[in-house]
Ligand SMILES: Nc1ncnc2c1ncn2[C@@H]1O[C@H](COP(=O)(O)OP(=O)(O)O)[C@@H](O)[C@H]1O
Ligand SMILES: [Mg+2]
């Protein structure tokens, strides 16, 4: 209890040096938060996506069509745009348990006296079996039997509030012939804007090959539904797709078999590899900007450490007096630790509040938020290491200096 | 109370500049003794006092305070001794200049874990005892040498220590202040406190019943009355 009282005494008196320590710490927190932000954003997205699609990310594979296939499927060549042999090759491959497909494309409906356009996400039944049920699904509202229940995004909910019955118009392009569909639907619920959206897509830069983190779809008007042959008839699934292997299948062997079977049709990668690529490209893209902040953070933390060292050396007299009055060295060390930890907690709070503002004003990235777990761990770790180093160093120095200046003063 | 046996202290051991500040000092102090140690500058007086206070460890020899082997004691034990049993007055007083006299006096109590209110009461009564009650709220920086000396004495007394160690307590005082400080020490001694003062002031030394001299680190008893 008395340690606290002495601590309070140390804290209650205002010194410029404490302000300096505080400012350097706050700067360190801000800069480190900014440095860790790209990785933090990636980690957040990854966690959100993994929360939504409970796959075994170690063993799951992803098939991406090659560009020539993709272009042909868009009707740019004479070739057939749909390639059933690709799916057959995947499905017939030994060790494949399920293929998760989805279709995404533009769709529209006549609502509010005009045409309302939105994005349509249609999941195959196999894909749907891996998505946990929509948490908000109140699937069949009354008087809407015979209509396909769809989930709408918050941005689409203005036009299609829950319970609205409408006819969804869409054009499936991956058919041999372009196929126009009109599907009677009912808005059954609103997609939670906090959750990732499952996906199988072509995307090398974000995690969109596996799913979309909230910030990527939050503002988009879109509707999502699970494929039902009663409404769509038999449709050939588009690529890309996620491939789930048998429980005990050897992933690398399966990958080799798939690669052989699919040849030039496209590329088979594992999800971990996709994630690594995304992280690498995130890092290399933000590197030049981040290096500046790394430098600033190092300057701030070095300034803090060096100044702390000097500040304690300057207070050698105070420590010598405490020592004479019977305070152990251990307790003085602890006291200084506590004092600096208190200072750090205050600085961290200020730093967290200021980080988004600094990021917006100097890095011009709107999506930068306060500290995530990563930033907190990094700044906390950096702080603790620096604190312990300079405290230990200054105390070792102090012990001799205090003895000489105080006890052995005079003749 | 104190047994020093063949205690030596060398500084800068193993270096060209090695100093033998104390050489095989032997000292017996009984409860209630009032001792002065005199010697010229650099003779080892402060060194002796710092060893007695547990601030410095001897290079060789043994030091018992009551039944504690101080040479082998931990930092915690020695700090406990200084906090409760040994009051120390250092050559430059060892006060915190930015703090008030009362705060300085209460420091050992705060460190020892006494409640704030109780500590302040005790601090005030000790300041009264040394005759400077009216200076309690003054910052030490604003006090004269003689007043600071009394604050230092008050701090040494605040825990009712059984031993008082004073390094050149009269060094910064004129003869009138010196004599009144010695009066105070005599009164404390009369009430049972053991006191050891280190000084090069002969007049002050003559007022103690027991006196030692120290020259070039050699400690010798001069007088016992
Ligand atoms: N920390 C130290 N390092 C090296 N030499 C010291 C130290 N403290 C004291 N000395 C030396 O030890 C001798 C005795 O010093 P000290 O005990 O302070 O003498 P006094 O108090 O009698 O003037 C002196 O020669 C002094 O220079
Ligand atoms: Mg001295």
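Computed from the coordinates by the stated procedures, all read-outs in this text should not be read as laboratory data. Just so you know, these numbers come straight off a predicted model, no measurement behind them. Glycine gets a Cβ as well: all are built from the backbone with ideal geometry, and neighbour counts include every protein chain shown.
Computing FRET efficiency as 1/(1 + (r/R0)^6) for residue A:264 and residue A:94, where r is the C-beta to C-beta distance and R0 is 25 Å, gives about 0.75. Of all DSSP beta bridges confined to chain B, the antiparallel ones make up roughly 55%.
Place a point 7 Å from Cα of residue B:19 in the direction of its Cβ. Which residues in region B:158-193 have their backbone N less than 14 Å from it? Counting only backbone N, you get no residues. Helix B:116-129 versus the longest principal axis of chain B: what angle, 0 to 90°, nearest 10, using Cα atoms? Roughly 80 degrees, rounded to the nearest 10. Available extension along the chain between residue B:71 and residue B:186 is 38.4 nm, counting 0.36 nm per residue and deducting the alpha carbon span. The share of alpha-carbon pairs in the protein assembly as shown lying farther apart than 50 Å comes to 44%. Can you pull the percent of Cα pairs in region B:97-160 with separation above 19 Å? That tail contains 18 percent of the Cα-Cα pairs. Between residue A:363 and residue A:178, the simple spin-label model (points 7 angstrom out along Cα→Cβ) gives 4.4 nm.
Applying Stokes-Einstein at 25 °C and 0.890 mPa s to the Kirkwood radius of region A:166-291, computed over alpha-carbon pairs, gives a translational diffusion coefficient of 137 µm² s⁻¹. Relative to the longest principal axis of the Cα atoms of chain B, helix B:75-84 runs at roughly 50 degrees.
With neighbour counts taken as other beta-carbon atoms within 10 Å, the residues B:128, A:275, B:134 rank, fewest first, as B:134, B:128, A:275.
Simple spin-label estimate for residue B:216 and residue A:314 gives 4.5 nm between the two label positions (7 Å along the Cα-to-Cβ direction from each Cα). Over all projection directions, the Cα-based convex hull of region A:292-355 averages an area of 5.0 nm². Calculate log10 I(q)/I(0) of region A:191-253 for q = 0.14, 0.17, 0.18, 0.30 Å⁻¹, where I(q) comes from the Debye formula with a single equal point scatterer on each Cα and nothing for solvent. With one equal scatterer per Cα and no solvent, log10 I(q)/I(0) is -0.61, -0.83, -0.90, -1.23. Evaluated on region B:92-225, the Kirkwood hydrodynamic radius is 15.6 Å, with distances taken between all distinct Cα atoms. Out of all Cα-Cα pairs in region A:97-241, roughly what percent, to the nearest whole number, are more than 27 Å apart? That fraction is 16 percent.
Put in line by how crowded their Cβ is, counting other Cβ atoms within 10 Å and starting with the fewest, A:87, B:50 read A:87, B:50. Legend: calculated FRET efficiency, residue A:158 to residue A:393, from the Cβ-Cβ distance at R0 = 51 Å, rounded to 0.05, equals 0.25. Once the convex hull of all Cα atoms in chain B is built, its volume per residue stands at 124 Å³. Residue order for A:109, A:185, fewest other beta carbons within 10 angstrom first, comes to A:109, A:185.
For residue A:47 and residue A:277, FRET efficiency with R0 = 25 Å and r from the beta-carbon atoms, rounded to 0.05? Calculated transfer efficiency: 0.90.
Each residue, residue A:218 and residue A:165, gets one label point 7 Å from its Cα in the Cβ direction; the gap between the two is 3.6 nm.
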